[in-house]
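Presented below is the structure to which this report refers.
The numbers here are math on the coordinates, done by the rules we state, and not lab data. Quick caveat: nothing in here was measured; it's all calculated off a predicted structure. When we count neighbours, we look across all protein chains shown, and the Cβ atoms used for this are built from the backbone with ideal geometry, even at glycine.
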Amino acid sequence: MKKTGILLVSLLVILGMALGGCAKQDPDVPAGMQLASSEDADYLFYVPQGWRVDKSSLYTAAYFSSGDATSISVTAFGMNMTDDSVSSWWESYKEQFAEIYDTMEVTAEEETELDGMDGMKYTFDATLNEKEYQYIIAAVLRENYIYYITYTSTPEYYEDHLEELDLVLEHFAFK
C-alpha cells in the first residue's frame with residue numbers, strides 16, 4: 001500500500017513538473033518567436049524560437065548558432081544635434097563603417113516602417129581582414145533617438161535567414 005502511494009505521489013510530481021515545463025506562451029509574443037528585449041528596453045524585440053538571445057551588451061542581440069553566426073540586434077541611442085533624420089544619421093554612420101572595414105559597398109536603400117513609423121532600410125556588403133559580411137540596417141527616428149535593427153551575416157548564410165528578419169521587423173514594437 002505504501003509503495004502504491006509513493007508511486008502515485010511520484011507520478012503526480014513528475015506530471016506536475018512536465019506540465020510546468022510546458023509554460024504557456026505570453027499571448028502577446030508572436031507564434032514561433034521569443035522575446036529578446038529586456039524589461040528595461042522601451043521596445044519589444046522578438047526573434048525566432050531557437051535563436052540564442054544575448055542581453056549582456058549595450059544592445060539586444062540574437063544569434064542563430066555557433067556554426068552560423070548570423071545575428072540580429074537592436075540598438076538605440078540619442079541623435080547628434082546635427083542629425084534630424086534617419087538619412088542624416090546614416091551618412092555619418094556610414095562614414096564610421098567605412099573607416100572600420102577594408103571595403104564597404106551600399107547595395108540598396110529603401111523606405112521601410114518599424115511599428116508604423118517611417119524609416120529607412122540600408123543593405124550593404126563589407127570586408128574586414130579578408131572576411132566578407134553582408135548587412136541590412138532598418139532604422140527609425142523616435143523622440144530624438146535613432147533605433148536601428150541590424151542583420152549581419154556571411155555570404156553563405158545571408159539568404160537563409162531573410163524571412164526570419166522580415167518577421168523580426170514586422171513584430172518590432174515600441175512600448
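Summary of values
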| item | result |
| --- | --- |
| Exposure proxy order (Cβ contacts within 10 Å, fewest to most) of S88, S65, S153 | S65, S88, S153 |
| Spatial separation of Cα centroids for the stretch 101-161 and the stretch 33-64, in angstrom | 17 |
| Taking D102, D115 and counting other C-beta atoms within 10 Å, the order from fewest to most | D102, D115 |
| Partners for K131 among aspartates and glutamates (Cα-Cα distance below 15 Å; same-chain residues under 8 apart left out) | D68, D102, E105, E156 |
| Aspartates and glutamates whose Cα lies under 15 Å from that of K175, excluding same-chain neighbours fewer than 8 positions away | D28, E39, D40, D42, D115, E143 |
| Cα gyration tensor category, rounded, prolate or oblate, for the stretch 31-174 with a/c compared to 1.5 | oblate |
| Virtual paramagnetic centre 7 Å along Cα→Cβ of S92, amide N under 17 Å, in the stretch 107-139 | 139 |
| Amide proton proximity set for W51, modelled H, under 5 Å, gap of 5+ | none |
